[in-house]
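A short worksheet on the structure shown next.
The values are calculated or read from the model by the stated rules, or taken from the named source; none is laboratory data. Computed from a predicted structure; not experimentally measured. Using ideal geometry, Cβ is built from the backbone for each residue, glycine included, and neighbour counts are taken over all protein chains shown.
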Amino acid sequence: MRGAAEYPTSDALYDALSEMLRVRPRNAGEAHRVIREADRLLTALDTHIKNGGPLPSPWRHGRGTW
C-alpha cells in the first residue's frame, strides 16, 4: 500500500481509488484489506479536496459514472 503523499494529485487519488474498487477479493481477508485501502484513499481524496485541491478530472468534466 502506498501512502496518500505518494498520490500528489486528485486525479492520482481518484485513479488509485477507482482501481481499488475494481478489485475482486478472493476471500474475506482480502476483502477486508481492499475495503480498508479504499476507505483510506477516499479519506485522502476528501481531505485533498477540503484543503483546496481541485476535483478529479472526471468529476470536473462530468465524465464520472454513477
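Might you check whether a residue that is at pLDDT below 95, more than 24 Å from Arg60 (Cα to Cα), of a type in the set (A, V, I, L, M, F, W, C) and out of contact with any Pro (no Cβ under 8 Å at 6 or more places or on another chain) occurs anywhere in the range 23-33?
Of the residues in the range 23-33, the ones at pLDDT below 95 are none.
The answer is no, given that none of the residues of the range 23-33 is at pLDDT below 95, more than 24 Å from Arg60 (Cα to Cα), of a type in the set (A, V, I, L, M, F, W, C) and out of contact with any Pro (no Cβ under 8 Å at 6 or more places or on another chain).
Is there any pair with a first residue in the range 43-61 that is closer than 12 Å to Asp11 by Cβ and a second that is of a type in the set (Gly, Ala, Ser) and loosely packed, with under 14 Cβ neighbours inside 10 Å whose Cβ atoms are under 9 Å apart and which are 6 or more apart or on different chains, and what are they?
Here the result reads Pro56/Gly64; Pro58/Gly64, each pair linking the range 43-61 to a residue that is of a type in the set (Gly, Ala, Ser) and loosely packed, with under 14 Cβ neighbours inside 10 Å.
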